[in-house]
Amino acid sequence: MLRASSLGRVARTARTLRPLGAAPLVRLMSDAPLRKTPLYDTHVALGGKMVPFGGWGMPVQYDGPEKGGIMKSHLHCRESAGLFDVSHMLGVVIRGADRVAFMESMCTADLQNLPAGMGSLSVITNESGGIIDDCIVTNAGDHLYMVINAGHEDKDLPHMAKQLESFVRGGKDASIETLPDNGILALQGPKAIDVIQRLTDFDLTQLKFMGATTMKVDGVECFVTRSGYTGEDGVELGIPKGDGAEHNVVKLWAKLMAQPEVEAVGLGGRDSLRLEAGLCLYGNDLDDTTSPAEGSLLWVVAKSRRTPGAFVGSERILSEIANKSASRKRCGFVVPKGPPVREGAKVFKDGEQVGVVTSGVMSPCLKKGVGMCYVPPGMIKAGTELTAEVRGKMVPIVVTKMPFVPANYYRGP
């Protein structure tokens, strides 16, 4: 844990501890061994097709008899309950009397007014106003809790350590602790809460969207947030390792998979689900050059935070808000007919290239291609007709409001 008296105790990279604030490690090379979550062998035994993702070996889909691949698992999540291993993401705890002020110095959320037991989607920004990462920051009572994206330890943590060093030198009290031994599961879909409810005594009707609390699930104390990456109702479970030889996340995975409503979903289904829900994938739809205005994410910049110097990179971000000066904007589109338009496709208007596609997939629910692209602000109005280049052919696309399918978040009793 990082405290004012000691910069650099723990951080995780390649599933080993290193000083938080040390020089970032070089990104994993092609011949570097992939990291494995505690569920790696479980995925393989289930027929998981393992692929590299953010330096981790993860299942893109589950093959074999009755698995049905990405399409089937996607639709099962929309209709019942899909189980995801997201243990490649890293939980981070921020403690100290000035933890809110510290976290607000780096992100755009209004944490001062965030009630205990609630989370807020936010972005961590760099000095030039670009997005280093998108995350949910939760007020867990005596600490803040956040989860950073896979493979971002060598980027997010040094940035946080740099800000912390300056913060504590000013006499403030804050510390950072990473949770490298935790496993994380997500259970998503209209029947997900029914499944979790039979494994806990906590009344889940009292936990609304973005709410969070500690509860026992099948006897294991977990930090549970009612959130996810699919547009469906559901939960994410932060699961401690436990004292036994087998990680608690392996035990809970097995228990959840034994429920009749539940099927495993890999990265392929996760991507198509999040895209139908209009949710960004960092590295595709966002990067460290993209501002919240460009990413059509101004709603994550709380109005109470829109004061000069309120957070890192505020000068550019506030200028783009005040002057509406962003030169490009993220928007959604559908492909009326034909194959989906994939990442990297050039976007044209009247024969002139005006943008690029950042994500694209065939929507299992809509039975047509959907995607996201960046184009000039004047072209993001729903109904705008554009074209995209696919294998040398021009394919019509139509700008469309997101989400592409209705969200089913639980807003409370």
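Descriptive notes on the structure:
- Expected-Rg normalisation [2.2 N^0.38 Å, Cα atoms] applied to the stretch 153-287: 1.23
- Given charges at beta-carbon only (K, R positive; D, E negative), |dipole| of the stretch 327-402 in Debye: 200
- Put simply, the amide H of VAL356, placed in the peptide plane, has neighbours under 5 Å in VAL347, TYR374, leaving out anything fewer than 5 places away on its chain.
- Mean projected area of the convex hull spanned by the Cα atoms of the chain, taken over all viewing directions: 20.7 nm².
- Rounded to the nearest 500, the helix-only mean residue ellipticity at 222 nm of the chain stands at -5500 deg cm²/dmol, with each DSSP H run of n ≥ 4 adding -39,500 (n - 2.57).
- The residue among VAL265, ALA345, ASN182 whose Cα reaches farthest toward the positive pole of the charge dipole of the chain, with charges on the beta-carbon of Lys, Arg, Asp and Glu, is ALA345.
- Among the GluC sites (Glu not before Pro) in the stretch 251-321, none is located in a DSSP loop while being surrounded by at most 13 other Cβ atoms within 10 Å of its own Cβ.
- Ordered by the number of other Cβ atoms lying within 10 Å of each residue's own Cβ, fewest first, THR387, THR289 fall into the sequence THR289, THR387.
- Note that the stretch 239-282 carries a Kirkwood radius of 12.7 Å, evaluated over its alpha carbons pair by pair.
- Cα centroid of the stretch 223-247 to Cα centroid of the stretch 367-389, whole Å: 35
- Dipole magnitude of the chain about its Cα centre (Cβ charges: Lys, Arg +1; Asp, Glu -1), debye to nearest 20: 700
- Ranked list, fewest to most other Cβ atoms within 10 Å of each Cβ, for PHE84, PHE202: PHE202, PHE84
- Neighbour-limited loop hits for trypsin sites (Lys or Arg not before Pro), the stretch 338-413 (at most 16 other Cβ within 10 Å; DSSP other than H, G, I, E, B): ARG342, LYS367, LYS381, ARG391, LYS401, ARG411
- All alpha carbon pair distances within the stretch 165-244 were sorted into 5 Å bins beginning at 0; the resulting P(r) in whole percents reads 3, 14, 22, 20, 12, 9, 9, 6, 4, 1.
- Ordering VAL335, GLY283, VAL312 by Cα displacement along the dipole of the stretch 249-359 toward the positive end leaves VAL312 in first place; charges were set at the Cβ atoms of Lys, Arg (+1) and Asp, Glu (-1).
- Here the Karplus curve 6.51 cos²θ - 1.76 cosθ + 1.60, taken at θ = phi - 60°, turns the phi angles of the stretch 281-296 into couplings of 10, 5, x, 9, 8, 9, 7, 7, 9, 8, 8, x, 5, 5, x, 6 Hz, with x standing for Gly and Pro.
- Just checking the listed ones, GLY266, GLY69, GLY171: in the Gaussian network model of the chain with Cα springs under 10 Å, the one fluctuating most is GLY171.
- Its Kirkwood hydrodynamic radius, worked out from the mean inverse distance over all distinct Cα pairs, puts the stretch 270-413 at 16.0 Å.
- Spin-label pair PHE202/ALA258, simplified geometry with 7 Å Cα→Cβ offset, distance in nm: 2.2
- Simple Cβ-charge dipole of the stretch 256-413, Lys/Arg +1 and Asp/Glu -1, about Cα centre, in debye nearest 20: 400
- Computing FRET efficiency as 1/(1 + (r/R0)^6) for GLU352 and ALA310, where r is the C-beta to C-beta distance and R0 is 56 Å, gives about 0.90.
- Antiparallel bridges, percent of DSSP beta bridges restricted to the chain (to nearest 5): 95
- Among the listed pairs LYS36/LYS241; LYS36/LYS162; LYS72/LYS381; LYS368/LYS401, those with a Cα-Cα distance over 24 Å are LYS36/LYS162; LYS72/LYS381.
- The stretch 74-140: trypsin sites (Lys or Arg not before Pro) falling in loop per DSSP and having at most 11 other Cβ within 10 Å: none
- The HN-Hα couplings worked out from phi for the stretch 88-99 by the Karplus form 6.51 cos²θ - 1.76 cosθ + 1.60 (θ = phi - 60°) are 6, 8, 10, x, 10, 10, 10, 10, x, 4, 10, 4 Hz, whole numbers, x standing for Gly and Pro.
Laboratory data are not the source of any read-out in this text; all were calculated from the coordinates shown. None of these values were measured; they are calculated from a predicted model. Methodologically, a virtual Cβ is constructed for each residue, glycine included, from the backbone with ideal geometry; neighbour enumeration extends over all protein chains shown.
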